[in-house]
Every structure is written in structure tokens, then in C-alpha cells.
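To start, the structure itself, in C-alpha cells.
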Amino acid sequence: MSIILAIESSCDDTSVSICNNGEITSNVIANQTIHQNYGGVIPELASRVHQQNIVPTVTQALIDAGVTKQDITAVAFTRGPGLLGSLLVGVSFAKSFALALNIPLISVNHMHAHILAHFIPARSAGGDEPKPAFPFLCLTVSGGHTQIVLVKDFFDMEVVGETLDDAAGEAFDKTAKILSLPYPGGPLIDKHAKLGNPNAFKFAVPQIADLNFSFSGFKTSILYFIRKQEKVNPNFIAENLDDICASVQHSIIEILMNKLKMASKLYGINEIAIAGGVSANSGLRQALQNGAVDYGWKVYVPAFQYCTDNAGMIAIAGYHKFLKNDFADQSVSPLARMEF
Ligand code: KG4
Ligand code: ZN
């Protein structure tokens, strides 16, 4: 019997979730819109806004789940990786809460949690949604990470490929900045891409032999392409926005899917999942579904609300640690960089 309160504060979203015996009964997210004015997350501002939001978000999560503070049996929190000042707010709050109620603390790796979001119970008309079977491969794509992870068990994971420079989410966000779209640009590129032609413009896909990725040269090639076109037509972006977005998105998905195919062959694994903020992208979700038809993969796409940062994923990861009595002590501190 467990009722876990989980806190996520690694970047710019303050989120709190309650997990009641493995069921997510609330998942409240307070987004920070202030960063839109700056074209990216300003760490100093992010930690201050977490500080303002954390107590109201906890209060709301308790109300939504229909429980009180006294009902909580453990507190899970994101230890890292992330922005140190942001993590400090969540970690300090979690420690104080656990100390006050004399209940155990559970430390969660944010990247594990993105993957374990697949184990949040989801019911459709047909019954329980199938969950990935171990071992599976997960393409984990967010604003800070792009990795192919071999997931052997709940907390036994190995990164078998990763980006050598920018993350896939950064490729979306930096392209959006070039196009003068506000931060975070990924969802806006996705929206415009739905209206455009993915083959309107061709961008060079980086050629890297192993399972690693590189997006920095790709982003520069887009910048040079746009500058060149604007010399001929100053209204190039405005007149071609949908086609540019569709073409950029198409190329990013091609880069990601090529490596997934390579990993699937190399490891002989057909259980394939995606996770992280970029897994909310409609084109990537469709490409994965196509993989099921084209390569016989069993594919797993997280529920949309558990793709981008949320505490529901921290709560489910915390629940699986709770089942193993895997607790942290009160001397635990956040880690900006945290290995798998
Ligand atoms: O996992 P996440 O919420 O935060 C990090 O841990 O980084 O991922 C945020 C990233 C941002 O780069 C955002 O632009 C991207 O996910 N993103 C998307 C979409 N929704 C969020 N990228 C492409 N298409 C989307 N629909
Ligand atoms: Zn994340």
C-alpha cells in the first residue's frame, strides 16, 4: 500500500503528481511562460519561479487526487540531470516534506523517468494498453538529450548511442529561433509542418557510422540555407514557413529513425519505444507507427501528456523504487549531470 507524492523541477516546469498504488491520480504542471520573452530558459529565473510555484502545485495535486498530506507514504523527486538551481528547489522541498512527515525519500533520474512513463497504466476501450517487454530499445529525445537506450529492466539501462553535440529538441528549438518562432519552438514547428510539404527543401543528413547523432552541423546548414534564400527573397520565411517546417521536421525524423533501425538490427530487438519531449511530435509518432508496418516492430508511444516534462513519470519511477525499498537518505543532493 503506497501513496507517493512526486516532484519534478529539473528545467522550467514545476510538476507534482500523486501515485496511488501504481495509479497516477493527479499530475499538475505549472508551466513557466516567462522564458518566451528570452528565446530560451533562463536558469536564474527558472529557479525563482519554481520557488513561487512549488507549494501551490503540491496543494493542487493533493486536491486533484483527493488525498491529504497525512495520507502520503513516500516522496519521490527528480535528482538530476537538469538545471542545478531548479533541481535544488524540488530536492529541498521533497526532503523537508519527508522529514516533517517522517516518511521515506525516493531519488529519481529524470531520463529513467521519461522511459518509465511507458509503465503508467493507460486504459482504452480494449482494456489495458500493452507495455514494452524487456529488453527494449528506447529513443529518448528531449531538449537536453538524444539517446538510444537499451532498457534491460526498470533501472538497468544502457545508453548505446547519443548525440555528440546538440539534442534533437535543440535542433527544433534553434530552427524555430532562426524562423523567429517563440520558445519552445518544437510544438510550433510540428503545427506548421502539418500544413507543409516535407519534400519542399532538402537538408543534408549527417553521416555518422555508429549509433551516435550530431545536430549542430544540421542546424548551421538550415541557417545558411535561409540566409541565402533571403538574399533573393526577403519574404522567404513568411512565404514558405509551412514548407520549411515540414522539411526540417522530415529531416530530423529521418536522422532519428535511421539510427533506430540500425540499433534494432544490431541488437536484434523489435520492441521499440520513444520517450521525452520530442516524442510528442506528431511526425515522429507516425514514423514509429510506420516502423511497425515496415519492419515488424512492436512500437510504444507514450501518452501525449507524459511526453514532455511531468511528475507523473517521476511518480511511476518512484513507485517501482518503492516496491524495491530503494530509498534515499536526507543527505542526498541534486546532480546537474547524472549518469544512467
Ligand atoms: O522532455 P522535455 O519536456 O524537457 C527536457 O527534459 O528537455 O523536452 C522539451 C523539448 C523541447 O526542445 C521542445 O521543443 C520539444 O521537447 N518538443 C517538441 C514537441 N513538443 C515538445 N519537439 C517537436 N515536436 C513537438 N510536438
Ligand atoms: Zn525531460
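A few comments on the model shown:
- Per the listing Phe97, Phe134, the residue uniquely over 18 Å from the mean Cα position of the chain (by Cα), under 18 Å from Ser10 (Cβ atoms) and aromatic (Phe, Trp, Tyr) is Phe97.
- Residues of the range 267-293 satisfying the condition of being in contact with a strand residue (DSSP E or B) (Cβ under 8 Å, 6 or more places away or on another chain), among the aliphatic types (A, V, I, L, M) and assigned to a helix (DSSP H, G or I): Val278, Leu284, Leu288, Ala292
- Any chance Leu241 is modelled with pLDDT of 95 or more, in a helix (DSSP H, G or I) and in contact with a Gly (Cβ under 9 Å, 6 or more places away or on another chain): yes
- Any hit, the range 229-245, residues being in contact (Cβ under 8 Å) with a residue 40 or more places away in the chain, farther than 30 Å from Gly318 by Cα, within 12 Å of ligand 1 (Cβ to nearest atom) and more than 20 Å from the chain's Cα centre (by Cα): yes
- Just so you know, in the range 97-112 the residues that are in a helix (DSSP H, G or I) and either β-branched (Val, Ile, Thr) or away from ligand 2 (no atom under 16 Å from the Cβ) (or both) include one that is surrounded by the fewest Cβ atoms within 10 Å (Cβ to Cβ), and it is Ala100.
- Of the residues making up the range 15-28, those that are closer than 25 Å to His145 by Cα and over 14 Å from the mean Cα position of the chain (by Cα) are Val16, Ser17, Asn27, Val28.
- Test: residue in the range 30-44 that is in contact (Cβ under 8 Å) with a residue 40 or more places away in the chain, away from ligand 1 (no atom under 16 Å from the Cβ), acidic (Asp, Glu) and more than 30 Å from Thr175 (Cα to Cα): no
- Residues of the range 158-171 that turn out to be touching a helix residue (DSSP H, G or I) at 6+ places or on another chain (Cβ under 7 Å) and over 19 Å from Gly82 (Cα atoms), as a count: 2
- Scanning the range 297-318 for residues that are of a type outside the set (Gly, Ala, Ser) and either in a helix (DSSP H, G or I) or more than 13 Å from ligand 2 (Cβ to nearest atom) (or both) yields Trp297, Lys298, Val299, Tyr300, Val301, Phe304, Gln305, Tyr306, Met313, Ile314, Ile316.
- Failed condition for Cys11, given (1) of a type in the set (A, V, I, L, M, F, W, C); (2) within 18 Å of Met313 (Cβ to Cβ); (3) more than 16 Å from the chain's Cα centre (by Cα): (3)
- All of (1) surrounded by 22 or more Cβ atoms within 10 Å (Cβ to Cβ); (2) at pLDDT below 95 hold for Gly277 with one exception: (2).
- Residues of the range 76-88 classified as surrounded by fewer than 24 Cβ atoms within 10 Å (Cβ to Cβ) and part of a helix (DSSP H, G or I), total: 3
- Close contacts from the range 70-85, counting a first residue that is away from ligand 2 (no atom under 16 Å from the Cβ) and a second that is modelled with pLDDT under 95 and outside any strand (DSSP E or B), with Cβ to Cβ under 6 Å and a gap of 6+ residues or different chains, come to Gly85/Pro43.
- The condition of being within 12 Å of ligand 1 (Cβ to nearest atom) and β-branched (Val, Ile, Thr) does not hold for Ile148.
The values are calculated or read from the model by the stated rules, or taken from the named source; none is laboratory data. All of these numbers come straight from a predicted model, not from anything done at the bench. Cβ: placed from backbone, ideal geometry, glycine included. Neighbour counts: every protein chain shown.
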